[in-house]
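The next block holds one structure in the form of structure tokens; read it before the comments.
Please treat every number below as a calculation from the coordinates, not as lab data. On a predicted model such as this, the values are computed, not experimentally measured, just so you know. Positions of Cβ are backbone-derived with ideal geometry, glycine not excepted, and every protein chain shown enters the neighbour counts.
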Amino acid sequence: MKYIKAETPDSHQCIIEDLFDTITLFENKTETVEYRELKDKKFEVTITFNSEKFRTDSSGNEKPIGFNEWIDLGVFGENDKGEEEFLYLQKRKISKKENTFKIIVNEKPTKAGINPIN
């Protein structure tokens, strides 16, 4: 671990702490997803979600801690073969519990949410 910590920039040391030094849990929950078609045949997707971060002690007691993380937001659509594909996938900085983001995509969305790969 000392080699990993030595090579990791200060701005990313918190990731090492979350993954290796502590028991850190995240709770990400998509609350609502809505979309509307715009005049230019694009779609505006509104995603409302909650994000929380907890530390757990050795007895299993969870305590909420500050949240300031990069989290993926994703919007899916369907390609010509009827297969699901990303219309949008981007990391966004999240620093509060309740969040709403509006995303513009070029095709009709089929679903969307926070942290869609996990």
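Quick notes on this one:
- Only one residue of Ala6, Tyr88, Ser59 has its Cα farthest out toward the positive end of the dipole of the chain, where Lys and Arg carry +1 and Asp and Glu -1 on Cβ, and that residue is Tyr88.
- Cα centre as origin, Lys/Arg/Asp/Glu Cβ charges: segment 1-64 dipole, Debye: 180
- Loop sites in segment 1-82: trypsin sites (Lys or Arg not before Pro), DSSP, at most 14 other Cβ within 10 Å: Lys39, Lys41, Lys42, Lys81
- Taking the Cα centre of segment 25-114 as origin and assigning +1 to Lys and Arg Cβ atoms and -1 to Asp and Glu Cβ atoms, the resulting dipole is close to 400 debye.
- Over 28 Å (Cα to Cα) - which of Lys53/Lys91; Lys2/Lys97; Lys41/Lys97; Lys29/Lys81; Lys42/Lys93 fall in this group: Lys2/Lys97; Lys41/Lys97; Lys29/Lys81
- Cα→Cβ-extended label distance, 7 Å offset, between Asp40 and Ile23, nm: 5.0
- Kirkwood-based shape ratio for the chain, expressed as Rg/Rh from alpha carbons: 1.08
- Amide hydrogen neighbours beyond the local backbone of Glu107, cut-off 5 Å, H modeled: Phe43
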